[in-house]
Amino acid sequence: MSSSPRTDWLPLEVPLIQGGMTWVSRHELAAAVSEAGGLGTLGAGGMDPEELRDEIRSVRAKTERPFAVNVPLVLVRPDQDQEVLGELLKVVRDEAVPVVVTGGGSPARYTPLLKEAGHRVMHVVPSVRLALKAEVCGVDAVVAEGWEAGGHIAANGLSSLTLIPQVVDAVSLPVVAAGGIADGRGVAAALALGACAVQLGTRFIATLECNAHPAFKHAVLAADAEGAAVYCRDYHASRALRSPLVERLIAMEAEGRSLEEILNLRGRHRARQGCIEGNLREGILPAGSGVGLVSQIVSVAELMRELTEGCDQALREAVYRRSSRPWRKAA
Ligand SMILES: Cc1cc2nc3c(=O)[nH]c(=O)nc-3n(C[C@H](O)[C@H](O)[C@H](O)COP(=O)(O)O)c2cc1C
């Protein structure tokens, strides 16, 4: 697998991107991914501006390759306000971060500012409509994320399989595929759908370099195909590992309980509790529906090799299956 012409805007050796993950994508992970030839991403969600500055400098101390910072345009930490967003973006500009990934809000206001400051900008979109809007706003690439993804998702229910090719057809920008991709076969499928690169989140939690609590990593390994579920469908829908808390939130929605009651239970610090403190009962552990494919904690270098080789093998086998017509033999 080599990077396609449409990844030339980003000098990557392999078209693999580690998605920014609030709480669990810090410099050790981001630097390892970039060093392995992909694009590592710091998740600025949940960070204070000075913490972000330190993290950016720590990435630079470990690698000279390009990396990204993911800045959620709607901040997830309750004690942070929009002023903090401005401060985070100022740090990103001061530190001349090569790539900025935005999402969770409109790209209209910030894209021109980020472009003017010299960053490459990618915006995460869950629909064709928002992909077109991001293109008009001047982003360099869009990340088309299906609702298989871990973390916040769109309530439109569009799968990666249907979303990615429709976004590829609609925009003339490079399209990065995300959502439910956890092994080389998924990478091959996304490239076959027309994506120029692939972004993974959940699979990177189970790496040695990820700072997630060991209990979170082991919960990822233990989860099966139905191990992650969507909760809070009507307000900031999210996908996370099933847990007593997530099951309770889902039940409350089914019972028609008020949004206020549901948000009260969801609380304010649940993701931190789950991801960093390893509280599997009361915390929230965001993960995508590809979680059942994750069975080992490996180093980032090993994972990148597995994904690359697995992709090549999947593509070869697909061509073989198509040309050898196995369905005829079965008949
Ligand atoms: C624990 C976790 C935290 C995440 N936090 C963010 C975030 O802060 N900003 C963002 O744009 N996406 C976030 N995401 C989404 C990832 O960047 C990525 O696009 C997604 O995980 C891809 O789907 P996958 O998990 O099925 O691989 C998060 C995902 C996970 C699993």
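Every number in this text was worked out from the coordinates using simple rules, so none of it is lab data. On a predicted model such as this, the values are computed, not experimentally measured, just so you know. For neighbour counting, all protein chains shown are included, and Cβ atoms are generated from backbone atoms with ideal geometry for every residue, glycine included.
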Around residue 103, which amide H atoms from residues at least 5 apart in sequence, or from another chain, sit under 5 Å from its own amide H, with H modelled in the peptide plane?
71, 73, 124
Long-range amide H partners of residue 42, meaning residues 5 or more apart or on another chain whose placed amide H is closer than 5 Å, are 68, 69, 70
The extension gain from residue 221 to residue 247, computed as 0.36 nm times the residue separation minus the Cα-Cα distance, is 7.4 nm
Kirkwood hydrodynamic radius of segment 1-157 from all distinct Cα pairs, in Å?
15.6
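Could you tell me the ratio Rg/Rh of segment 211-331? Both radii from Cα atoms, Rh via Kirkwood. Show your work: numbers first, answer last.
Working: Rg = 19.4 Å, Rh = 16.8 Å.
Ratio value, two decimals: 1.15.
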How big is the chain by Rg and Dmax over its Cα atoms, in Å?
19.1, 65
The relative contact order of the chain, taking Cα pairs under 8 Å that sit 6 or more residues apart, comes to a percentage of 17
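What does the highest-first list of 251-258, 50-57, 287-294, 214-221 look like by mean Cβ count within 10 Å?
On the way: 251-258: 11.5, 50-57: 16.9, 287-294: 24.6, 214-221: 18.6.
Per-residue Cβ counts within 10 Å, averaged per peptide and sorted highest first, yield 287-294, 214-221, 50-57, 251-258.
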